[in-house]
Amino acid sequence: LPPSASADATLPDDLREVIRIIEKNGGRITQLDLRKALPYSEAKVSLMVTDLESRGIVKKVKKGRGNVIILNKPE
């Protein structure tokens with residue numbers, strides 16, 4: 001991963017936007033807060049998080065009834 005994943009030109013804009021929001025939030029955010037910060041539906045946000053997770057960019061941690069999305073720090 002590049003120093004800042006949001007600068008990764010291979011990612012679609014919507015995914016880069018998600019990463020930027022998580023970065024601005026100090027590298028972690030609840031999925032609910034992420035959804036509030038984005039103009040997308042719950043389903044779309046969930047799909048984007050899963051996409052980022054499969055790319056190894058974030059990890060999703062169950063917290064109560066929701067999830068916390070944590071940005072994986074580049075090694």
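Among the numbered criteria (1) under 11 Å from the mean Cα position of the chain (by Cα); (2) part of a loop (DSSP other than H, G, I, E, B), which one does P39 miss?
Of the numbered conditions (1) under 11 Å from the mean Cα position of the chain (by Cα); (2) part of a loop (DSSP other than H, G, I, E, B), the odd one out for P39 is (1).
In a helix (DSSP H, G or I) and either open to solvent by less than 70 Å² (accessible area, probe 1.4 Å) or not small (G, A, S) (or both): is that true of I22 in this structure? Even if it seems obvious, please write down each step before you answer.
Numbers: in a helix (DSSP H, G or I): yes; either open to solvent by less than 70 Å² (accessible area, probe 1.4 Å) or not small (G, A, S) (or both): yes.
Here the answer is yes, as I22 does meet what is asked.
Taking region 36-75 as the search range and keeping residues that are in contact with a helix residue (DSSP H, G or I) (Cβ under 7 Å, 6 or more places away or on another chain) and of a type outside the set (A, V, I, L, M, F, W, C), which one is farthest from I21 (Cα to Cα)?
Once the filter is applied, the top-ranked residue is G66.
Which condition from (1) open to solvent by less than 50 Å² (accessible area, probe 1.4 Å); (2) on the phi < 0 side of the Ramachandran plot is the one that K44 breaks?
(1)
Take region 53-75 and flag every residue that is open to solvent by less than 80 Å² (accessible area, probe 1.4 Å) and within 20 Å of K36 (Cα to Cα).
So in region 53-75, the residues open to solvent by less than 80 Å² (accessible area, probe 1.4 Å) come out as 53, 56-58, 60-61, 64, 66-72, 74.
Answer for region 53-75, where residues must be open to solvent by less than 80 Å² (accessible area, probe 1.4 Å) and within 20 Å of K36 (Cα to Cα): E53, V58, K60, V61, G64, G66, N67, V68, I69, I70, L71.
Does K60 qualify as being in contact with an Asp or Glu (Cβ under 6 Å, 6 or more places away or on another chain) and either part of a helix (DSSP H, G or I) or at pLDDT 95 or above (or both)?
So K60 passes the test.
The values are calculated or read from the model by the stated rules, or taken from the named source; none is laboratory data. These numbers were taken from a predicted model, which means no experiment stands behind them. Cβ: placed from backbone, ideal geometry, glycine included. Neighbour counts: every protein chain shown. With ligands, DNA and RNA removed, areas are computed over all heavy atoms of the protein, side chains included. Shrake-Rupley method; radii C 1.70, N 1.55, O 1.52, S 1.80 Å.
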